[in-house]
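**Student:** Just passing along the structure, written as structure tokens.
The values are calculated or read from the model by the stated rules, or taken from the named source; none is laboratory data. What you see is a predicted model; the values in this text were computed from it and never measured. Cβ: placed from backbone, ideal geometry, glycine included. Neighbour counts: every protein chain shown.
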Amino acid sequence: MPMEQIVKVDNCNVHMSRDGKGPTLVYLHGANGPNPWTKWFEDLAQRFTVIAPDHPSFGRSDDAEWLEDIGDLAYFYLDFFKAMNLKDIHLVGHSMGGWLAAEIAIRSTERIKTLTLIAAAGLRVPGHAGVDIFLTPPQAMPPNVYVDPKLVEFMLQEMAKPKTEQELDNLIRIRTAAAKICWHPRLNNPQLARWLHRIDVPTHLIWGDSDRIIPPAHGDAYKKLIPHAKHTVIAQCGHGAMVEKPREMLDAVANFAMERV
């Protein structure tokens, strides 16, 4: 199990999970909040020191009144890296976390060694808007997250379980924080595309070929805008790639980073 830590950055207490040894890999979670520490993270920690923070206003981190958009979060993480004295970071982000990783990198790559964007939001791609995570009823989301019918059924069963008052409060808190960042415009920053050329570290784009939340066309768009980016497409895979295809995802993320250690 990972070590749980609280660190104070910019007067904000940030909870993070940490495990493993070796090169530093920072994982940035998506709009649904911190990821459970699955076997995928355990296997990743066999090769890296994995640090997975809860974003301010998410999980067990403090609420952040100053958090208004993705840019605020990007600058916060630049301060986080400095406060933690992190260098040569393999920065990995999924969905909203991938968008956040790109926003960090266009501002500064001084402490970043590689960048991996998994099904990253952030760009507006005409004709490929994807599923609206805010307006789609929760019961309709599982088929948009996974291709595997067994995972869809498992997700539906988990969603149907009664929630405690604290669990409901946590869901509302996460939803509110995600809306501040992603609501308008929906899951994108119109200015991002013009600055992606500033990313000057090795970059890996990873997409499921059947992603309905952030369709594969978004990976193609990132590929055109980030110089020399590598692009990997995982077959028979939706948006929840680390759950649906953990072995393929482990190889894709770890091998790309290790090649540059």
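**Student:** Out of curiosity, is Leu44 within 22 Å of Ile112 (Cα to Cα), in contact with a His (Cβ under 8 Å, 6 or more places away or on another chain), of a type outside the set (Val, Ile, Thr) and modelled with pLDDT of 95 or more?
**Tutor:** On the way: within 22 Å of Ile112 (Cα to Cα): yes; in contact with a His (Cβ under 8 Å, 6 or more places away or on another chain): no; of a type outside the set (Val, Ile, Thr): yes; modelled with pLDDT of 95 or more: yes.
No.
**Student:** Against the conditions (1) at pLDDT below 95; (2) touching a Ser or Thr at 6+ places or on another chain (Cβ under 8 Å), where does Ala252 fall short? Just the number, please.
**Tutor:** (1)
**Student:** Those residues that are of a type in the set (S, T, N, Q) and out of contact with any helix residue (DSSP H, G or I) (no Cβ under 6 Å at 6 or more places or on another chain), I need them from segment 55-97; list them, please.
**Tutor:** Ser61, Asn85, Ser95
**Student:** Tell me which residues, restricted to segment 15-31, are closer than 29 Å to Met141 by Cα and in contact with a helix residue (DSSP H, G or I) (Cβ under 7 Å, 6 or more places away or on another chain).
**Tutor:** Matches in segment 15-31: Leu28, His29, Gly30, Ala31.
One line per residue, one yes/no per condition, for (1) touching a residue at least 40 places away in the same chain (Cβ under 8 Å); (2) surrounded by 14 or more Cβ atoms within 10 Å (Cβ to Cβ); (3) touching a strand residue (DSSP E or B) at 6+ places or on another chain (Cβ under 9 Å):
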position	(1), (2), (3)
Ile181	yes, yes, no
His184	no, no, no
Leu192	yes, yes, yes
Trp195	yes, yes, no
Val201	yes, yes, yes
Pro215	yes, yes, yes
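**Student:** What is the residue count in segment 113-140 for residues that are among the aliphatic types (A, V, I, L, M) and in contact with a Lys or Arg (Cβ under 6 Å, 6 or more places away or on another chain)? Step through it out loud before you land on a result.
**Tutor:** Residues of segment 113-140 that are among the aliphatic types (A, V, I, L, M), as a first pass: 115, 117-121, 123, 125, 129, 131, 133, 135, 140.
Remaining after also requiring in contact with a Lys or Arg (Cβ under 6 Å, 6 or more places away or on another chain): 131.
Residues that pass the stated criteria total 1.
**Student:** Further, regarding this structure: Residues of segment 110-135 being surrounded by 23 or more Cβ atoms within 10 Å (Cβ to Cβ) and part of a strand (DSSP E or B), which ones?
**Tutor:** Selection gives Ile112, Thr114, Leu115, Thr116, Leu117, Ile118, Gly122.
**Student:** Looking for whichever is under 16 Å from the mean Cα position of the chain (by Cα) and either closer than 25 Å to Met249 by Cβ or in contact (Cβ under 8 Å) with a residue 12 or more places away in the chain (or both) here; the options are Pro23, Pro34. Which one fits?
**Tutor:** After applying the criteria, what remains is Pro34.
**Student:** Tally up the residues in segment 45-100 that are surrounded by fewer than 20 Cβ atoms within 10 Å (Cβ to Cβ), in contact with a Pro (Cβ under 9 Å, 6 or more places away or on another chain) and under 16 Å from Ala120 (Cα atoms), please.
**Tutor:** Summing the residues that are surrounded by fewer than 20 Cβ atoms within 10 Å (Cβ to Cβ), in contact with a Pro (Cβ under 9 Å, 6 or more places away or on another chain) and under 16 Å from Ala120 (Cα atoms) in segment 45-100 gives 0.
**Student:** State which residue pairs qualify: first residue among the acidic types (Asp, Glu) and inside segment 145-167, second residue part of a helix (DSSP H, G or I) and surrounded by 10 or more Cβ atoms within 10 Å (Cβ to Cβ) in any location, beta carbons under 6 Å apart, and separation of 6 or more residues or different chains.
**Tutor:** Partner pairs satisfying both residue conditions: Asp148/Glu244.
**Student:** Here is a follow-up. With Ala52, Ala74, Ala64 as the choices, which residue is assigned to a strand (DSSP E or B) and in contact (Cβ under 8 Å) with a residue 12 or more places away in the chain?
**Tutor:** Values: Ala74 fails: assigned to a strand (DSSP E or B); Ala64 fails: assigned to a strand (DSSP E or B).
That would be Ala52, the only listed residue that is assigned to a strand (DSSP E or B) and in contact (Cβ under 8 Å) with a residue 12 or more places away in the chain.
**Student:** Here's something else I'd like to know. Name, by its number, the condition in (1) touching a helix residue (DSSP H, G or I) at 6+ places or on another chain (Cβ under 8 Å); (2) within 19 Å of Val243 (Cβ to Cβ); (3) in contact (Cβ under 8 Å) with a residue 60 or more places away in the chain that does not hold for Gln139.
**Tutor:** Condition (3) is where Gln139 drops out.
**Student:** Has segment 231-245 got at least one residue that is within 20 Å of Pro36 (Cα to Cα) and surrounded by fewer than 17 Cβ atoms within 10 Å (Cβ to Cβ)?
**Tutor:** Within segment 231-245, not a single residue is within 20 Å of Pro36 (Cα to Cα) and surrounded by fewer than 17 Cβ atoms within 10 Å (Cβ to Cβ).
**Student:** Which of the residues belonging to segment 77-109 are more than 17 Å from Pro185 (Cβ to Cβ), in a helix (DSSP H, G or I) and not small (Gly, Ala, Ser)?
**Tutor:** Tyr77, Leu78, Asp79, Phe80, Phe81, Lys82, Ile104, Ile106, Arg107
**Student:** Something else: In contact with an Asp or Glu (Cβ under 8 Å, 6 or more places away or on another chain) and among the acidic types (Asp, Glu): does that describe Asp19?
**Tutor:** yes
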